């Protein structure tokens, strides 16, 4: 009985001591400083297609990793993990419908050929008008499957979707090659009986870079825990009230800030038996190319877990002190996090938006498909977030305290994985898509 009482009393002191460490090393002033730097207009929206701006963000993250005292990933001389992709830049696109040339603003194409001329051979698709409350989600649900479809097609989009069409064109009009042989032509307007398409575009190589640092483990150094977020965003959009820079504060400067602050925290407390990798991915917004390349450099069997952090800048649907985990039911990752937060107000919940397919829409997806318990942590109410992918996703729209509390919760809830005491079950690769 005396031993039991002693254990209970000791436990009362252990949990607050962890909370004190999180509060001591994960500071609001640091979060604000990093966030304001990443979201400044000087970064011009951190588009992967604008090296002169996204390199500024990469250089800043590098400097933070260096000041913290991280080590480069094995095989790298510095913190940049560089790779190259082919960038596709449209030069001319002439679409003629029933003998009439379509205005340039109402058409664009996705193709990886320098020149193409078609008057047949395209499957005809339509995205009709919709009266649903969330038109943006309806549009996404219709158009993204067409991008993945293994067929060349001509897609007629109802004019009521012009706003989303413009955003889609801005995002994918210039893009990276993904190896597909299928041509997709999108037209804002009504279906036609006859058509012809002429495309000419420039294809050039562009260098990209993830920013990666690590803290080597001690007893289990060959076992890896990954903390990640993406530092790119969508760059410049159509001007709204004189502002055309999509600063990407919540998406995903908030997640990148979390990665930096978690690195600072774990460097200070020095309790990682496993090796910890901290990575800011590039090119998430245009195909997840950064996380794909990163994942190819690792043995997935050695990755014990991945904490991908995306959009933690606003309170969740449950209010403050709560976040959700995508793919919660696919491994015991979430259960371990919940266990480590017993007695703490913060809660991790299953993803409340299964219809959004968020588990496969972020940088955790590549490793998850290889069986790694790789999950994304978020607080965003994605179904009603009016700032998502707009020029209004700025620092001033964020709840800094929500970011800080979420980072502290991740630090505390990951402690047994970091220490090598807990290992989440693997994701069933036969059930991934």
Item to check | Considering residues of region 395-425 that are crowded, with 20+ Cβ neighbours inside 10 Å and part of a loop (DSSP other than H, G, I, E, B) only, the residue farthest from the chain's Cα centre (by Cα) | outcome: 424
Item to check | Unique match (being surrounded by 15 or more Cβ atoms within 10 Å (Cβ to Cβ) and within 27 Å of the chain's Cα centre (by Cα)) among 93, 147 | outcome: 147
Checklist entry - Could you list, in sequence order, the residues of region 414-433 that are touching a residue at least 24 places away in the same chain (Cβ under 8 Å) and over 19 Å from residue 220 (Cα atoms)? => result 427, 428, 429, 431, 432, 433
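For region 320-333, which positions are farther than 20 Å from residue 432 by Cα and either at pLDDT below 95 or touching a helix residue (DSSP H, G or I) at 6+ places or on another chain (Cβ under 7 Å) (or both)?
Quick first cut of region 320-333, residues farther than 20 Å from residue 432 by Cα only: 320-323.
Passing the criteria: 320, 321, 323.
Could you check, for region 104-112, whether at least one of its residues is within 30 Å of residue 224 (Cα to Cα), part of a helix (DSSP H, G or I) and at pLDDT 95 or above? It would help to see each step written out before you state the result.
First, the residues of region 104-112 that are within 30 Å of residue 224 (Cα to Cα): none.
No, region 104-112 contains no residue that is within 30 Å of residue 224 (Cα to Cα), part of a helix (DSSP H, G or I) and at pLDDT 95 or above.
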Checklist entry - Residues of region 77-90 being surrounded by fewer than 16 Cβ atoms within 10 Å (Cβ to Cβ), in contact (Cβ under 8 Å) with a residue 60 or more places away in the chain and either over 26 Å from residue 146 (Cβ atoms) or more than 26 Å from the chain's Cα centre (by Cα) (or both), which ones? => result 82, 84
Next on the checklist: Can you confirm whether residue 178 is at pLDDT below 95 and closer than 18 Å to residue 145 by Cα?
Outcome noted: yes
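Consider residue 372 carefully, then state whether it is under 22 Å from residue 264 (Cβ atoms) and surrounded by 19 or more Cβ atoms within 10 Å (Cβ to Cβ). Can you show your working first?
Details: under 22 Å from residue 264 (Cβ atoms): no; surrounded by 19 or more Cβ atoms within 10 Å (Cβ to Cβ): yes.
In short, no.
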Next on the checklist: I'd like the residue in region 121-139 that is out of contact with any helix residue (DSSP H, G or I) (no Cβ under 8 Å at 6 or more places or on another chain) and crowded, with 16+ Cβ neighbours inside 10 Å and, out of all such residues, is modelled with the highest pLDDT.
Outcome noted: 122
Checklist outcome for this item: Per the filter on region 305-354, residues within 20 Å of residue 366 (Cβ to Cβ), under 20 Å from the mean Cα position of the chain (by Cα) and either not in a helix (DSSP H, G or I) or not assigned by TED's automatic domain parsing to the domain that holds residue 254 (or both) are 305, 306, 307, 308, 309, 310, 311, 325, 326, 327, 351
Checklist entry - Residue check: is residue 68 surrounded by 13 or more Cβ atoms within 10 Å (Cβ to Cβ) and either in contact with a strand residue (DSSP E or B) (Cβ under 7 Å, 6 or more places away or on another chain) or closer than 23 Å to residue 234 by Cα (or both)? => result no
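Sort through 192, 221, 209 and tell me the only one that's within 30 Å of residue 269 (Cα to Cα) and not assigned by TED's automatic domain parsing to the domain that holds residue 38. Lay out the reasoning, then the answer.
Numbers: 192 fails: within 30 Å of residue 269 (Cα to Cα); 221 fails: not assigned by TED's automatic domain parsing to the domain that holds residue 38.
209 is the lone residue from the list that is within 30 Å of residue 269 (Cα to Cα) and not assigned by TED's automatic domain parsing to the domain that holds residue 38.
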Item to check | Hits in region 339-355 (condition: out of contact with any strand residue (DSSP E or B) (no Cβ under 9 Å at 6 or more places or on another chain) and crowded, with 16+ Cβ neighbours inside 10 Å) | outcome: 340, 344
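The values are calculated or read from the model by the stated rules, or taken from the named source; none is laboratory data. Owing to the predicted nature of the structure, the values given are computational and were not obtained by experimental measurement. FYI the Cβ positions are ideal-geometry reconstructions off the backbone, even for glycines, and counts take in every protein chain you see.
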